[in-house]
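The values are calculated or read from the model by the stated rules, or taken from the named source; none is laboratory data. What you see is a predicted model, and the numbers here were worked out from it, not measured in a lab. We place every Cβ from the backbone using ideal geometry, glycine too, and count neighbours over all the protein chains shown. To get the accessible areas, we keep the full protein, side chains included, count just its heavy atoms, and leave off ligands, DNA and RNA. Shrake-Rupley method; radii C 1.70, N 1.55, O 1.52, S 1.80 Å.
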Amino acid sequence: MESPKRIDTQVLVIGGGVTGTGIARDLALRGVDCVLVEKRDINAGASGANHGLLHSGARYVFNDPVSAAECAREGRLLKKLTPQCIEDCGGLFVAVAGDDENYVAEFPRLCANCGIACRPLDVAQAREMEPALSPALIAAYQVEDAAVDPFMLSLENMAHALALGGRLRRHARVAGFEVRAGRVAAVKVRDKRSGTTFTIDADLVINAAGAWAGEVAHLAGIDLPIVFSKGSLLISDHRIAGCVINRLHPSSDADILVPGGSVSIVGTTSIRIDSLDDIRPTIAEMDTIVETAAQMVPELFRTRYIRAYAGVRPLVSIAKKKSDRSVSRNFVLFDHADAGISNFITIAGGKLTTFRKMAQHTADLACRKLGIAASCRTTSQPLPPCSDFEWTAPGQAAKHWMRAHGRGDLMLCECELVPKSVVAGIIQALQQQNDLPDLRSIGMRSRIGKGTCQGAFCGVRIAAYMSDRPDLPAYDGQDDLKRFLQGRWKGIRPVLWQAALAQEELQEAVHCGLFGLEL
Amino acid sequence: MQQTHRKTDPPQRCELLVIGAGMAGMAAALFAARRGIDTILVGESSEIIFASGLMDLMGVHPLAQKRVWHDPWAAIRRLCRDLPAHPYAHIPEAGIRRALETVFSFLESAGLRYFRRPQRNCRVLTALGSEKITYGVPRTMAAGVQVLERKKPCRIVDIQGLKGFSSRLIVRARHRSWPGLDAARIVFPGMQDRTEVYAEQMARALEVPRQREELARVLAPHVKGVAAVGMPAIFGMYHSDAVCRDLEQRLGVPLFEIPTFPPCVPGLRLKEAFERRLPELGVRLITGKRVVSADVSQSNGFAFGVGDDLAVAADAAVLASGRFLGKGLWADRRRVRESLFDLPVCQPDSRRRWHRRTFLDSRGHPLNRAGLEIDARFRPLGTGGRPVHRRLYAAGSILAHQDWMRAKCGSGLSIASAWAAVEAFIRERG
Ligand SMILES: Cc1cc2nc3c(=O)[nH]c(=O)nc-3n(C[C@H](O)[C@H](O)[C@H](O)COP(=O)(O)OP(=O)(O)OC[C@H]3O[C@@H](n4cnc5c(N)ncnc54)[C@H](O)[C@@H]3O)c2cc1C
Ligand SMILES: Cc1cc2nc3c(=O)[nH]c(=O)nc-3n(C[C@H](O)[C@H](O)[C@H](O)COP(=O)(O)OP(=O)(O)OC[C@H]3O[C@@H](n4cnc5c(N)ncnc54)[C@H](O)[C@@H]3O)c2cc1C
């Protein structure tokens, strides 16, 4: 998109997570003109820092039956309409000696009440299915959980919206609203790359800024009752189990193991935080996760972890309850006409699993307010797969390399097998959106930096490759590499023990010992 | 000289067993052999272990101020005053000098000449365009040190298909401070049809005069109007000095190598030189195996298990097993251990304090300073603060209170501490 000083649109969507991109697609399918602004990059928020579990709903049957039923319905729909983003691996709920046997006994009935399929397995059967499970297993049920690639999901939502005429500005942060006569008359947006400010005139503004929704609403003088709950996760260096494994108890910390292609992800914690300024996984959280989750899957004590990450759940505290886990995970749609601004709405809370429904409700309200009579099409229209974004899935780039190129193509990332041709494709796609590619944005769209070397090796190769491209004359590889390494460090630092420490030492010996990048 | 003993065979005997085949272990074996000590060296040595082939002595201190020193000896004196627990503080300056010169002249005898200046550090341009501060550089890098100092017009030539080395990246990183630097690219002769080329392959190819002639022909259009030409480090494997000089003569311009991302050819040359020459000095080399067990209960010697099937009895031992990468140290979620003897490791009291929040923090991570505490004779201390064994010594990066990666003292510290350990053994033996 060109960079004019003023942009006119029917709807402005703030936030490029799964909710915002889902709304953009929903609106575009209804023929509504829409611009999405994202202050960093697609999935820079919770949508890029979650567990990747497409909930069957079984996890919520006790605390939140409404969410449970909603997850069950949405999960089935997404498996049908967006199969390319989902690995339908199924899931288990398991209890180990010492777990609450009353809950174990009640579980099937609770599931049935919410319309959730749940099949009892005997313990031997479960351990045969998943040999990593603890010998102390006392109960197991099979459910319809699945794994979802949240990057592919948001990127494809966005790509579809763009194909239908939507517009996107990345690195564009909403910095202020001009409110006149009970309306948002204009939105001030700061372009972080150029440092300039531009204005968007929209008939309607949708705030889908996730955990930042309160901050954004505040810019328009509106207070939202949002609290933050940070969750951290750990990524193992190999896939530990074929299906999702949940601990069978009312939900608490570190009780789920989700496969993500060739790795597994274990977590999460739930920690109330006050500020969104420095979100990172901590060492104490890692210990909690390993020690708790190892009760279900003992090998987690010995597993090598590649990195950790943290995301923030925006919980809308309609009624204050004692523990964050029991604050509703349901979404809330605010029409700020109630607060005196007629063309401003906020969508907050919810889950990845229910994003489509959140988008539908939001778009319905938007259309009602704009007097547009178009109905939602995301309940039946499949999300078109977009070849630009298949690289987020582990193993995908390697298959492509074997298939299409092989000879004549350099392998730039040797841990995750990402060849030059794939990096070139991503660079081109970014350039078509008038964007300057860097290691971080390429990493977001591929497996670069996600393997054992965590970017220490492939980062150098890709920085060198980008420096060689005549179409990137201003690219500073050394600077970009430093930023990229620091970005990765956040997730490496908490998992540095055993073999990961040797890898870290090599990385530091190279980048400080040999290259002196710290000076 | 690969050994073929069985465990059932009687143990091999030696005066000194050196554990670890990194810089510290190799240097310790060299010093011991030179002093007529009957020595066995056991160690796995990976391709990456010598990395760049650069020989750091002391470059940066204090770390927080990022103070870079031109005179490494002045830096060491200042360091020893500020940090009396640093291993350098236990070694007389004359000893450090002697140790370094012994290694340099040994390497020279193996065909690896090093350029160094008695009182002065060198700066080397790296594959990332940064300036690396070091002391001794392979002769094949010397011209680069000189042009970098004067920022003379200079061309960096990279090679199509060599990953992770871009002359444009280097030039762009330096465009402000070194405007006379520019970039060019060649195709390595004879490898036109390869998608990927490897530094080591090219280095081996250049051992052949005909290949050098071809390379000179390809390079010729790119050497006009500059004071020197820099290339990724590929100038030969065994006769690098001669290969470099031959190319220079053909082209009429000084050439220099730039250290690439590891494994880097100058590092491989170092490893090769040690492994080839140490046995000629009488060192028994057992490579590709690790010392797996140690019995320290006898005060007059040790019994070691090596690999699955070897036993070694030694009067004394130097532990030069490195840190986490070499596996001399090992950590679980709670603490750091020394892998072979379970010696006490001086370390931060909690994992929360192992690493800082910024990877490139110039102060270094506290865990980097963890390691073995020693007495003035380089003997690791036990829990009571006394040497664990009369004749157990430690050398190299496993020592506590130093951060070689930030201070730029890796090789120098390994070599000097190896020297100190061997000297201490000689005094102890009487
Ligand atoms: C640890 C954790 C684990 C989770 N696991 C699961 C799971 O397994 N399954 C599941 O279904 N759900 C899960 N969730 C929930 C799920 O991730 C979120 O519900 C979902 O990603 C929210 O998407 P969003 O688009 O609303 O918010 P976000 O993804 O946070 O998007 C908001 C975006 O707004 C942008 N933004 C903020 N301020 C501005 C501004 N001023 N201008 C422009 N842009 C701005 C941000 O950069 C961000 O990209 C998990 C959440 C967490 C934190
Ligand atoms: C990436 C990288 C870049 C570097 N760059 C520079 C540089 O620019 N300048 C410079 O001067 N130096 C550089 N170095 C080298 C550095 O100086 C040395 O690695 C450092 O001095 C440590 O040497 P060391 O011998 O103590 O330990 P290491 O080099 O770690 O060697 C320890 C050896 O002991 C072996 N070992 C461990 N346990 C046992 C056992 N039980 N039995 C037998 N063997 C065992 C290991 O396998 C290993 O080979 C670099 C090293 C690396 C890895």
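Adding -39500 (n - 2.57) for every DSSP H run of four residues or longer, then dividing by how many residues the protein assembly as shown holds, sets the calculated 222 nm ellipticity at -9000 deg cm²/dmol.
Total buried accessible area between B and A, probe 1.4 Å, nearest 100: 5100 Å².
Our coupling estimate for segment A:175-191, obtained by passing each phi through the Karplus curve with A = 6.51, B = -1.76, C = 1.60 and θ = phi - 60°, is 10, x, 10, 9, 9, 9, 6, x, 9, 6, 8, 7, 10, 8, 10, 9, 7 Hz, Gly and Pro reported as x. Based on the reciprocal of the average 1/r between different C-alpha atoms, the Kirkwood radius for the protein assembly as shown equals 30.6 Å.
Calculate what fraction, in whole %, of the accessible area of the protein assembly as shown sits on carbon and sulfur atoms when a 1.4 Å probe is rolled over the protein chains. Let's see the in-between values first.
Values: 17380 of 34470 Å².
Percent of accessible area from carbon and sulfur atoms in the protein assembly as shown: 50.
In chain A, a dipole from Cβ-located charges (positive for Lys and Arg, negative for Asp and Glu) runs towards its positive end, and of A:Val148, A:Leu412, A:Val184 it is A:Val184 whose Cα lies farthest in that direction. Shown in residue order for segment A:351-356 are the 3J(HN,Hα) couplings computed by the Karplus curve 6.51 cos²θ - 1.76 cosθ + 1.60 at θ = phi - 60°: 9, 4, 4, 9, 4, 5 Hz (x for Gly and Pro).
By DSSP, what percent of the beta bridges with both residues in the protein assembly as shown are antiparallel, rounded to the nearest 5? Working shown, then result.
Details: 80 of 134 bridges.
So the antiparallel bridges in the protein assembly as shown amount to around 60 percent.
Accessible area per residue for the protein assembly as shown is 36 Å², calculated with a 1.4 Å probe on protein heavy atoms, without ligands, DNA or RNA. Of all lysines in the structure, the ones whose alpha carbon falls short of 16 Å from that of B:Lys66, not counting any fewer than 8 places away in one chain, are B:Lys132, B:Lys408. Suppose we look only past 21 Å in the calculated P(r) of segment B:127-258. What percent of the Cα-Cα pairs does that tail hold? It works out to 35 percent of all Cα pairs. Among bridges DSSP assigns within chain A, what percent are antiparallel (round to 5)? The answer is about 70 percent antiparallel.
Each label point was placed 7 Å from the Cα along the Cα-to-Cβ direction; for B:Val218 and A:Ala284 their separation is 5.9 nm.
Computed from backbone phi with θ = phi - 60° and the Karplus coefficients 6.51, -1.76 and 1.60, the 3J(HN,Hα) list for segment B:79-86 is 4, 5, 6, 6, 10, x, 8, 4 Hz; x is used for glycine and proline. Accessible area per residue (1.4 Å probe, heavy atoms of protein chains only) ranks B:Arg176, B:Arg369 as B:Arg176, B:Arg369, with the largest value leading. Entry for chain B at q = 0.10, 0.14 Å⁻¹: log10 I(q)/I(0) = -0.72, -1.26, Debye formula applied to identical alpha-carbon scatterers, no solvent contribution. DSSP finds beta bridges in chain B, and of those with both partners inside it, around 45 percent are antiparallel.
Each Lys and Arg adds +1 at its Cβ and each Asp and Glu adds -1 at its Cβ; summed about the Cα centre, the protein assembly as shown shows a dipole of about 2260 debye. Taken along the Cα-to-beta-carbon direction at a fixed 7 Å, the label points for A:Val66 and B:Lys151 span 6.8 nm.
With Cβ to Cβ distances under 13 Å as the rule, what net charge do the other residues near A:Gln295 carry (K, R +1; D, E -1)?
On the way: positive: A:Arg247; negative: A:Asp99, A:Asp253, A:Asp255, A:Glu291, A:Glu299.
Computed value for this residue: -4.
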